[in-house]
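See below for the structure under consideration.
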Amino acid sequence: MIESHKTPLTILLASPRGFCAGADRAIQIVERAIERYGLPVYVRHEVVHNRTVVVGLEAKRAIFVEELDEVPDDRPVVFSAHGVPKAVPTEAARRKLVFIDATTNRQAAVKAIARHCDALVVIGAANSSNSVHLVEAAAHHGCPKSRLMQRAADMDWNWLTGAGRLGITAGASAPELLVDELVAACRERFDVAVEEVRTTAESVVFRLPRTLMA
């Protein structure tokens, strides 16, 4: 039996992406904060939505809190990798707190592939500001046909009609399993070639109030 012809599809995987990058960055930020400022270091909300990571950071004596009013004036605070309302850093600055923004701005990887894609998918939750921002970044940097979905089952395959190059990335809490799932679903329908596009890992930026920068 002759296998039916499949349309070629090149998948560009943005790297770093998803949970692994978000978790690694969160751990690195807290460790460096402890190294620079000593203990305790406070973290507003879970840095990533993964209990194992949170427990590991608690073991390093990071203290997780819900709001800024739980943070003493003389201690640093790390913000969640999923983004925070603008009022939060504004309040931190007003109190002259040392705050470290762990928001995962891994948009460099998306920007690197967007202009080479006919369509781009960000795997993540609709309520994840990080994932929404990745979609916006892709649209603004060369791939207006970009959308957010939680997993392969959400894909509208008609949407891909005419696309020869599909970009895939994932939000900060999306496990790599979901990326693999989407790639596998594409293989069932297309003759797939996968290219991983890696950008340089971001450095951690410590933001200090002006009074501490002298």
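Here is a list: THR161, THR169. Which entry is crowded, with 23+ Cβ neighbours inside 10 Å and either outside the structural domain of ASP24 (by TED's automatic domain parsing) or touching a His at 6+ places or on another chain (Cβ under 9 Å) (or both)? Spell out how you get there, then give the answer.
Working: THR161 fails: crowded, with 23+ Cβ neighbours inside 10 Å.
Selected residue: THR169, the only one of THR161, THR169 that is crowded, with 23+ Cβ neighbours inside 10 Å and either outside the structural domain of ASP24 (by TED's automatic domain parsing) or touching a His at 6+ places or on another chain (Cβ under 9 Å) (or both).
Quick check on the stretch 113-127: of everything there that is in contact with a strand residue (DSSP E or B) (Cβ under 9 Å, 6 or more places away or on another chain) and surrounded by fewer than 23 Cβ atoms within 10 Å (Cβ to Cβ), which residue is farthest from GLU181 (Cα to Cα)? My answer is HIS116. Please go through the stretch 118-135 and give me each residue that is out of contact with any Ser or Thr (no Cβ under 8 Å at 6 or more places or on another chain) and of a type outside the set (Ser, Thr, Tyr), ordered by number. Hits for the stretch 118-135 are ASP118, ALA126, ASN127, VAL132, HIS133. Of everything in the stretch 145-189, what is assigned to a helix (DSSP H, G or I) and either in contact with a Cys (Cβ under 8 Å, 6 or more places away or on another chain) or of a type in the set (Gly, Ala, Ser) (or both)? Give them in sequence order. Selection gives ALA152, ALA153, GLU176, ALA184, ALA185. When GLY142 is tested against the conditions (1) outside any strand (DSSP E or B); (2) loosely packed, with under 13 Cβ neighbours inside 10 Å; (3) not acidic (Asp, Glu), the lone failure is (2). Residues that are in a strand (DSSP E or B), aromatic (Phe, Trp, Tyr), in contact with a helix residue (DSSP H, G or I) (Cβ under 7 Å, 6 or more places away or on another chain) and farther than 30 Å from CYS143 by Cβ are absent from the stretch 65-79 altogether.
The values are calculated or read from the model by the stated rules, or taken from the named source; none is laboratory data. Values in this document were obtained by computation on a predicted structure and should not be read as measured data. Counting neighbours? That spans all protein chains shown, and the Cβs are built from the backbone with ideal geometry, glycine included.
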